[in-house]
1. For LEU78, indicate whether it is in a strand (DSSP E or B), surrounded by 15 or more Cβ atoms within 10 Å (Cβ to Cβ) and either on the phi > 0 side of the Ramachandran plot or under 16 Å from the mean Cα position of the chain (by Cα) (or both).
2. Got at least one residue in the range 28-37 being part of a loop (DSSP other than H, G, I, E, B), in contact with a helix residue (DSSP H, G or I) (Cβ under 7 Å, 6 or more places away or on another chain), surrounded by fewer than 19 Cβ atoms within 10 Å (Cβ to Cβ) and β-branched (Val, Ile, Thr)?
3. Residue check: is TYR53 buried (at least 18 other Cβ atoms within 10 Å of the Cβ) and of a type outside the set (Val, Ile, Thr)?
4. Do the conditions hold for GLU21, that is, is it loosely packed, with under 14 Cβ neighbours inside 10 Å, among the charged types (D, E, K, R) and part of a helix (DSSP H, G or I)?
5. Take the conditions assigned to a strand (DSSP E or B), surrounded by 14 or more Cβ atoms within 10 Å (Cβ to Cβ) and more than 15 Å from the chain's Cα centre (by Cα) and apply them to ALA86. Does it pass?
6. Give me the pairs, please: first residue somewhere in the range 1-23 and closer than 13 Å to THR106 by Cα, second residue anywhere and buried (at least 22 other Cβ atoms within 10 Å of the Cβ), beta-carbon distance under 6 Å, and either six or more positions apart or on two chains.
7. If a residue must be without any contact (Cβ under 8 Å) to a residue 40 or more places away in the chain and outside any strand (DSSP E or B), how many such residues does the range 103-136 contain?
8. Any residue at all in the range 31-49 that's within 20 Å of GLY122 (Cβ to Cβ) and either aromatic (Phe, Trp, Tyr) or over 15 Å from the mean Cα position of the chain (by Cα) (or both)?
Amino acid sequence: MKVLWVSRHNPLKGQIDALREKLGDDVEVFVLPRQVANAEEVAQAARGMGAAYIVPVLPLSIIARLAELSGKYGFNILFARMEAVATVKEGELVEKIVREKPEYRTAVGYADGTVRVYEFKGFERLKEVKLVTEPF
């Protein structure tokens, strides 16, 4: 079972373990670490490698288009549910928090100097993306 992981960051060990638990031990995860121009590029990569699943860490507009293409091309989109567990400014504290559960946690730095620690909580299958607006 092939999974295309589209992100600048490699999957965490806990994420790979969760994929194996759901999809079987024969899961192969292929990382597409570069920037992509559009959803069609991602769909083409998935089709070319025979991926049944895509885990995109991409802008919402690209994910929405991937959801539309999933029916046409027969792949599934999985969303890695990440929960923010801490927002800090100290580097040492960040490392300590991540080390508590290194298989499930990662840290992301922001322009204002803060660092947010996220913890993987599980995968969800993405069915559709809706944009709902109202007059302003």
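1. Numbers: in a strand (DSSP E or B): yes; surrounded by 15 or more Cβ atoms within 10 Å (Cβ to Cβ): yes; either on the phi > 0 side of the Ramachandran plot or under 16 Å from the mean Cα position of the chain (by Cα) (or both): yes.
So LEU78 fits the description; yes.
2. Taking the range 28-37 first, the residues part of a loop (DSSP other than H, G, I, E, B) are 33-37.
From the residues that got through so far, the ones that are in contact with a helix residue (DSSP H, G or I) (Cβ under 7 Å, 6 or more places away or on another chain) too are 36.
Imposing the further condition that a residue be surrounded by fewer than 19 Cβ atoms within 10 Å (Cβ to Cβ) reduces the set to 36.
Among the residues that remain, those that are also β-branched (Val, Ile, Thr) are: 36.
Yes, because at least one residue in the range 28-37 is part of a loop (DSSP other than H, G, I, E, B), in contact with a helix residue (DSSP H, G or I) (Cβ under 7 Å, 6 or more places away or on another chain), surrounded by fewer than 19 Cβ atoms within 10 Å (Cβ to Cβ) and β-branched (Val, Ile, Thr).
3. The answer is yes for TYR53.
4. Yes; evaluated as a whole, the condition is true for this residue.
5. Values: assigned to a strand (DSSP E or B): yes; surrounded by 14 or more Cβ atoms within 10 Å (Cβ to Cβ): yes; more than 15 Å from the chain's Cα centre (by Cα): yes.
Yes: the conditions hold for ALA86.
6. Going by the 6 Å Cβ cut-off, the qualifying pairs are PRO11/TRP5.
7. Let us first name the residues in the range 103-136 that are without any contact (Cβ under 8 Å) to a residue 40 or more places away in the chain, namely 107-119, 130, 132-136.
Adding the requirement that they be outside any strand (DSSP E or B) leaves 110-114, 130, 132-136.
Result for the range 103-136: 11.
8. no
The values are calculated or read from the model by the stated rules, or taken from the named source; none is laboratory data. Note that the structure is a prediction, hence the values are computed from the model and not measured. FYI the Cβ positions are ideal-geometry reconstructions off the backbone, even for glycines, and counts take in every protein chain you see.
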